[in-house]
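Visitor: Got a structure here, written out as structure tokens. Questions coming.
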Ligand SMILES: *Cc1c(COP(=O)(O)O)cnc(C)c1O
């Protein structure tokens, strides 16, 4: 370990690597009893047998390099979304696509703007790409697009809108987004991170899969990690105007989308209806859990994603420890809040029980 004023010994690497904030993955609490993994917004469901079989079959070709550019996946996505293939870029998770975007805009002096708090990897990838981050505070847990448009300057190269926002679950409506796009110069790239879009039920939200046709400077990112339940294989995709995608494709790390991941993703698209029944179950559970928490006296934002946000402020860490005692992993943002994923009904029951006791404790101790 080294502090900032102490030069680490060993080979000379970029100083940013000593100051970069660490991404800390959510870990399972050390428990002997049942464990409920509600810290990473994963799908709680096991992969369908068809996907496991496709992965096993793909393993027979592991001596060969993967299909370059994921052609089969691209053409399946193209048919599904009625989008031409040249508008689609696939990658090893949306995080890999994000890194490619940061590198693609990362000239000296470039700035990237995003709301804060939002996805924890945005600042990490910005720092790594040598891009300055401009963070615009959320208002009532949602994007403040007016302020973002006002703060935009000559150096702004990219603006990320996480919709729904991780960790608050709030959404940007289409009218608001439209107004925002009209204020931007066409050389600023807008990235809609729609990692949770499949869980949105608010009719005021229009997907980037519609908007990219109208705005050549807008790209939308989707992932197989959440609704499709494939966080472990790492597949994501980006859709945008060919003027952008043609150049972005050159920034992709060759062969990073592996054979197994491609097979899993193509099969998941074939099983779309079945997987989306699970998404519907999660959406129903989200309503059920939120209503129970609100009834327990907790403040819970109205979420359009597969998680809920509890703005617990200074009590966040303590609440996280209570959850861990009951074998529940949640995501704690110290002094801000706690994000909890919607799991299967038994995970959710366990979490609701903690919340109920938490309320009782507060009223008893008051
Ligand atoms: C989970 C998540 C992703 C998904 O990343 P992958 O690399 O595709 O697993 C992207 N953006 C946000 C905001 C997320 O929460």
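Yes or no, residue by residue, for (1) free of Cβ contacts under 8 Å to residues at least 12 places away in the same chain; (2) within 15 Å of the ligand (Cβ to nearest atom); (3) surrounded by 18 or more Cβ atoms within 10 Å (Cβ to Cβ):
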| residue | (1), (2), (3) |
| --- | --- |
| 92 | no, yes, yes |
| 100 | no, yes, yes |
| 122 | no, yes, yes |
| 132 | no, no, no |
| 147 | yes, no, no |
| 150 | yes, no, no |
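Visitor: Next up: Kindly indicate whether any position in the stretch 205-218 is in a loop (DSSP other than H, G, I, E, B), in contact (Cβ under 8 Å) with a residue 60 or more places away in the chain, under 17 Å from the mean Cα position of the chain (by Cα) and crowded, with 22+ Cβ neighbours inside 10 Å.
Guide: no
Visitor: Still on this structure: Pairs please, first residue from the stretch 228-246 and closer than 19 Å to residue 256 by Cβ and without any contact (Cβ under 8 Å) to a residue 60 or more places away in the chain, second anywhere and within 16 Å of the ligand (Cβ to nearest atom) and assigned to a loop (DSSP other than H, G, I, E, B), Cβ atoms under 9 Å, 6+ apart in sequence or on different chains.
Guide: 232/42; 232/47; 232/225
Visitor: Filter the stretch 175-204 down to residues that are crowded, with 16+ Cβ neighbours inside 10 Å and either within 20 Å of residue 222 (Cβ to Cβ) or within 12 Å of the ligand (Cβ to nearest atom) (or both), then give me how many there are.
Guide: Total satisfying the criteria: 14.
Visitor: Which residues, counting only those in the stretch 239-285, are modelled with pLDDT under 95, in a loop (DSSP other than H, G, I, E, B) and more than 20 Å from the chain's Cα centre (by Cα)?
Guide: 253, 254, 255 - these are the residues of the stretch 239-285 that are modelled with pLDDT under 95, in a loop (DSSP other than H, G, I, E, B) and more than 20 Å from the chain's Cα centre (by Cα).
Visitor: Right, next: Only one of 86, 46 is away from the ligand (no atom under 16 Å from the Cβ), assigned to a loop (DSSP other than H, G, I, E, B) and surrounded by fewer than 19 Cβ atoms within 10 Å (Cβ to Cβ); which? Steps first, answer last, please.
Guide: Details: 86 fails: assigned to a loop (DSSP other than H, G, I, E, B).
Just one listed residue meets the conditions, 46.
Visitor: Still on this structure, I have one more. Yes or no: residue 167 touching a strand residue (DSSP E or B) at 6+ places or on another chain (Cβ under 9 Å) and under 15 Å from residue 194 (Cα atoms)? If you could, list the steps in order and put the result at the bottom.
Guide: Details: touching a strand residue (DSSP E or B) at 6+ places or on another chain (Cβ under 9 Å): yes; under 15 Å from residue 194 (Cα atoms): yes.
So residue 167 passes the test.
Visitor: Out of the residues in the stretch 219-236 meeting the condition of being more than 9 Å from the ligand (Cβ to nearest atom) and not in a loop (DSSP other than H, G, I, E, B), tell me which one is farthest from residue 41 (Cα to Cα).
Guide: Step one: filter the stretch 219-236 for residues more than 9 Å from the ligand (Cβ to nearest atom), giving 219-220, 227-229, 232-233.
Pick out the ones that are also not in a loop (DSSP other than H, G, I, E, B) and you get 219-220.
Details: 219: 23, 220: 20 Å.
For the stretch 219-236, the residue satisfying everything is 219.
Visitor: In the stretch 102-120, how many are within 16 Å of the ligand (Cβ to nearest atom) and surrounded by 18 or more Cβ atoms within 10 Å (Cβ to Cβ)? Break it down into steps so the answer makes sense when it comes.
Guide: Our first condition is that a residue be within 16 Å of the ligand (Cβ to nearest atom); within the stretch 102-120, this holds for 102-103, 112-120.
From what is left, the residues that are surrounded by 18 or more Cβ atoms within 10 Å (Cβ to Cβ) are 102, 112-115, 117-119.
Of the residues in the stretch 102-120, 8 are within 16 Å of the ligand (Cβ to nearest atom) and surrounded by 18 or more Cβ atoms within 10 Å (Cβ to Cβ).
Visitor: Scan the stretch 296-310 and give yes if some residue there is in a helix (DSSP H, G or I), touching a helix residue (DSSP H, G or I) at 6+ places or on another chain (Cβ under 8 Å) and farther than 21 Å from residue 202 by Cβ, otherwise no. Lay out the reasoning, then the answer.
Guide: So the first thing to find is which residues in the stretch 296-310 are in a helix (DSSP H, G or I), and the list is none.
No: zero hits.
Visitor: In addition: Could you check, for the stretch 54-69, whether at least one of its residues is within 16 Å of the ligand (Cβ to nearest atom) and in contact (Cβ under 8 Å) with a residue 60 or more places away in the chain?
Guide: As a first pass, look at the stretch 54-69 and keep what is within 16 Å of the ligand (Cβ to nearest atom): none.
Among the residues of the stretch 54-69, not one is within 16 Å of the ligand (Cβ to nearest atom) and in contact (Cβ under 8 Å) with a residue 60 or more places away in the chain, which makes the answer no.
Visitor: Would you mind stating whether residue 155 is more than 16 Å from the ligand (Cβ to nearest atom), on the phi < 0 side of the Ramachandran plot and buried (at least 20 other Cβ atoms within 10 Å of the Cβ)? If you could, list the steps in order and put the result at the bottom.
Guide: Working: more than 16 Å from the ligand (Cβ to nearest atom): yes; on the phi < 0 side of the Ramachandran plot: yes; buried (at least 20 other Cβ atoms within 10 Å of the Cβ): no.
For residue 155, the condition - more than 16 Å from the ligand (Cβ to nearest atom), on the phi < 0 side of the Ramachandran plot and buried (at least 20 other Cβ atoms within 10 Å of the Cβ) - is not met.
Visitor: Evaluate the following for residue 140: is it without any contact (Cβ under 8 Å) to a residue 60 or more places away in the chain and under 22 Å from the mean Cα position of the chain (by Cα)?
Guide: Values: without any contact (Cβ under 8 Å) to a residue 60 or more places away in the chain: yes; under 22 Å from the mean Cα position of the chain (by Cα): yes.
Yes; evaluated as a whole, the condition is true for this residue.
Visitor: Name the single residue that is modelled with the lowest pLDDT among those in the stretch 324-346 being in a helix (DSSP H, G or I) and touching a helix residue (DSSP H, G or I) at 6+ places or on another chain (Cβ under 9 Å). Steps first, please.
Guide: So the first thing to find is which residues in the stretch 324-346 are in a helix (DSSP H, G or I), and the list is 324-325, 345-346.
When the remaining residues are screened for being touching a helix residue (DSSP H, G or I) at 6+ places or on another chain (Cβ under 9 Å), the result is 325, 345.
Working: 325: 94, 345: 97.
Looking at residues that are in a helix (DSSP H, G or I) and touching a helix residue (DSSP H, G or I) at 6+ places or on another chain (Cβ under 9 Å), I get 325.
Visitor: Output the number of the condition that residue 35 fails; it satisfies all remaining conditions of (1) over 27 Å from the mean Cα position of the chain (by Cα); (2) at pLDDT 90 or above; (3) surrounded by 11 or more Cβ atoms within 10 Å (Cβ to Cβ).
Guide: Just one mismatch for residue 35, condition (1).
The values are calculated or read from the model by the stated rules, or taken from the named source; none is laboratory data. Keep in mind it's a predicted model, so treat the numbers as computed, not measured. All Cβ positions, even for glycine, are placed from backbone atoms using ideal geometry, and neighbour counts span all protein chains on display.
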